[in-house]
1. Along the positive direction of the dipole of the chain (beta-carbon charges: Lys, Arg +1; Asp, Glu -1; about the Cα centre), which of F120, W17, P146 reaches farthest?
2. Once you charge only the Cβ atoms, +1 for Lys and Arg and -1 for Asp and Glu, what is the size of the charge dipole of the range 24-133 about its Cα centre, to the nearest 20 debye?
3. Quote the accessible area belonging to K127 in square angstrom, nearest 10, computed with a 1.4 Å probe and with ligands, DNA and RNA left uncounted.
4. Could you provide, to the nearest whole Å², the per residue accessible area of the range 13-165 with probe 1.4 Å?
5. What does the highest-first list of 7-14, 33-40, 59-66 look like by mean Cβ count within 10 Å?
6. Once you have the alpha carbon radius of gyration of the chain, what is it after dividing by 2.2 N^0.38 Å, with N set to its residue count?
7. If you average the sequence gap of Cα pairs under 8 Å that are 6 or more apart and divide by the length of the chain, what percent do you get for the contact order?
8. Please compute P(r) over all alpha-carbon pairs of the range 88-148, binned at 10 Å starting from zero, and give each bin as a whole-number percent.
Amino acid sequence: KVLGWTEVVYDCLSPDWVKTFAFKYDLGQQHHFVVTVYDELKKGVERLDKHKKIGQVKFEIGEILGTRGNVRSASMAKGGVVYAAVEKRVPKDAGTLSLKLRGKKLANVENTLFGKSDPFFTVSAKKGDSWDVVHRSEYLKTNLNPEWKEARISVDALCRGDRKQ
């Protein structure tokens, strides 16, 4: 059973996916999950057989929770490493942030004769002493005046349900 899909990260051999997945976990019970990484061959097509499989790894939630920082890595057979981070969350349903952004006359940071930047934005949340990306917008190809689709971000993802943060 496929639990879900991450966003596609284009032209990157070390992607940092933002999408998170919720699991129900019973302490003392083993819960395994498999992460399969694909190269997108046809944009917007959700059939897995239409994309090229890069590799897969298997994790067990309890093993990840037992590691320092609740992060564990696993190597794929043909090369590459996948990192999984797990944290216990109590769903609080603090609501949803709706965010509509656009840019105007953005700097063109592509140094090619005919190319223009492909802008996207990220929203980050503070976790300890660092910041974690909780949302990444779609890329808008060759557009220096982008108007992104409305982003809907769970407040729980932004502040772990604590609105005082």
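1. Checking the options against the dipole of the chain, the answer is P146.
2. Its charge dipole is roughly 400 debye.
3. Ignoring ligands and nucleic acids, K127 comes out at about 80 Å².
4. On a per-residue basis, 77 Å².
5. 59-66, 33-40, 7-14
6. 1.19
7. 17 percent
8. Taking every Cα pair in the range 88-148, the percentages come to 18, 37, 27, 14, 4, 0.
The values are calculated or read from the model by the stated rules, or taken from the named source; none is laboratory data. These figures come from a predicted structure and were not determined experimentally. Because the Cβ atoms are built from the backbone with ideal geometry, glycine has one as well, and the counts that use them run over all protein chains shown. To get the accessible areas, we keep the full protein, side chains included, count just its heavy atoms, and leave off ligands, DNA and RNA. Shrake-Rupley method; radii C 1.70, N 1.55, O 1.52, S 1.80 Å.
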